[in-house]
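The values are calculated or read from the model by the stated rules, or taken from the named source; none is laboratory data. Nothing here was measured: the structure is a model prediction, and the numbers come from that model. All Cβ positions, glycine included, derive from the backbone under ideal geometry; neighbour counts span all protein chains shown.
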Amino acid sequence: MSAVLYDSPGPVARRRELVGSVIGGLVLLALIGLGVWYAAGKGVFGADRWDVLYDPPKGQTAADVWTFMVVQGLGATLRAAAVAAPLALVLGLLLALLRTARHAALRVPAIVVIELFRGLPVLLMMFFGSIGFGWDAFGAVVFGLTVYNMAIIAEILRAGLAALPRGQAEAAYAVGLTRRQTLLTVLLPQAVRTMLPSLIAQLVVLLKDSSLGFIVGYPELLKSIQNNAQFFGNDYYVALFVVGAGIYLVVNLSLSWLARWIQRRTTKTAASPKQVDTLTTQSIASHGAGHAGGI
């Protein structure tokens, strides 16, 4: 049996893959064990290195520590992501439409913007917002997250549009739909549905990139962990950063699970090819009157 891009492995190849997987797993376990042994030798797992989480020193309570990290730190992270994500989605959608425009006056500037911001580091954009525009830390973080991710989202949507069969656009043009109507009513909804897992995955990247905000003084989760570690002492760095890593994992894995759930839902509810053709024809016919104008 052959796959589309490669031949399915035979018995010998499967045995080699199994042996390689077992050896790789053993090597990984050995490295983890070595790391744990080294950390134990340094006293990392001692109770006095972790009591900051349940009985912190310096007159603080465990509630103070967790509130500072979860409520203030994680809250600031989610607040920046909640503002930047919709902006990046809307601007990315606009750039994707302009990127596919027929007129060079619209298409070329969109290409320049996408390639420019896609090639610049997020942190540089945050510094530009802070130093160049004089914005506060929150505005600088949102600016950096927005302009970088809108360029990536624009390319994701453009790829989704390019992957659709050409016959759908040709059928829409045949019944009199303008290019704008074809994009907005026939092509774009399918492209968004197809690329939805990739879009959500990019939002995970956006959320993780918010941790760069501590460099410009934004009190997000990483900054709150660092402040706690500096206040309580270097002995608590490991415990606090392990908790921070766990919080990031819970949030990001939840978003990844959401992407997989949406993908399964869209796959299960997808209509058969005959139904798709019928629905597409009905959609095209319902907009066949068409208005003037288009991109």
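Selection of first residues in region 70-81 that are crowded, with 18+ Cβ neighbours inside 10 Å and of second residues that are hydroxyl-bearing (Ser, Thr, Tyr), restricted to Cβ pairs under 6 Å at least 6 apart or on distinct chains, gives the following pairs, ordered by first then second residue: Gly73/Ser224; Thr77/Ser210; Ala80/Ser210; Ala81/Ser210.
Residues that are more than 21 Å from Tyr54 (Cβ to Cβ) and assigned to a loop (DSSP other than H, G, I, E, B) were ranked within region 215-249; the one that is farthest from the chain's Cα centre (by Cα) is Gly217. Among the residues making up region 215-225, those that are crowded, with 18+ Cβ neighbours inside 10 Å and not polar (S, T, N, Q) are Val216, Tyr218, Pro219, Glu220, Leu221, Leu222, Lys223, Ile225.
Looking at region 174-203, which of its residues are among the small types (Gly, Ala, Ser) and not in a helix (DSSP H, G or I)? Outline the logic, then answer.
Residues of region 174-203 among the small types (Gly, Ala, Ser): 174, 176, 191, 198, 201.
Gly176 - this is the single residue of region 174-203 that is among the small types (Gly, Ala, Ser) and not in a helix (DSSP H, G or I).
Test Leu98 against the criterion of being more than 20 Å from the chain's Cα centre (by Cα) and surrounded by 19 or more Cβ atoms within 10 Å (Cβ to Cβ), and give yes or no. So Leu98 passes the test. With respect to the conditions (1) in contact (Cβ under 8 Å) with a residue 24 or more places away in the chain; (2) among the aromatic types (Phe, Trp, Tyr); (3) not in a helix (DSSP H, G or I), Phe117 lacks only one, and its number is (3). Taking the listed residues Leu89, Leu74, the one that is closer than 29 Å to Leu157 by Cβ and among the aliphatic types (A, V, I, L, M) is Leu89, with no other qualifying. You will find that of Thr178, Thr185, the residue that is buried (at least 17 other Cβ atoms within 10 Å of the Cβ) and farther than 22 Å from Thr77 by Cβ is Thr178 and no other.
Of all residues in region 31-63, those satisfying the criterion of being in a helix (DSSP H, G or I) and either loosely packed, with under 12 Cβ neighbours inside 10 Å or at pLDDT 90 or above (or both) are Leu31, Ile32, Gly33, Leu34, Gly35, Trp37, Tyr38, Ala40, Gly41, Ala47, Asp48, Ala63.
Can you list residue pairs whose Cβ atoms sit under 6 Å apart, with the first residue in region 183-209 being in contact (Cβ under 8 Å) with a residue 60 or more places away in the chain and the second being crowded, with 18+ Cβ neighbours inside 10 Å and outside any helix (DSSP H, G or I)? Count only pairs 6 or more apart in sequence or on different chains. Short answer, once both residue conditions are applied: Thr185/His287. Inspection of region 204-214 identifies no residue that is among the acidic types (Asp, Glu), surrounded by fewer than 18 Cβ atoms within 10 Å (Cβ to Cβ) and either modelled with pLDDT under 90 or not in a loop (DSSP other than H, G, I, E, B) (or both).
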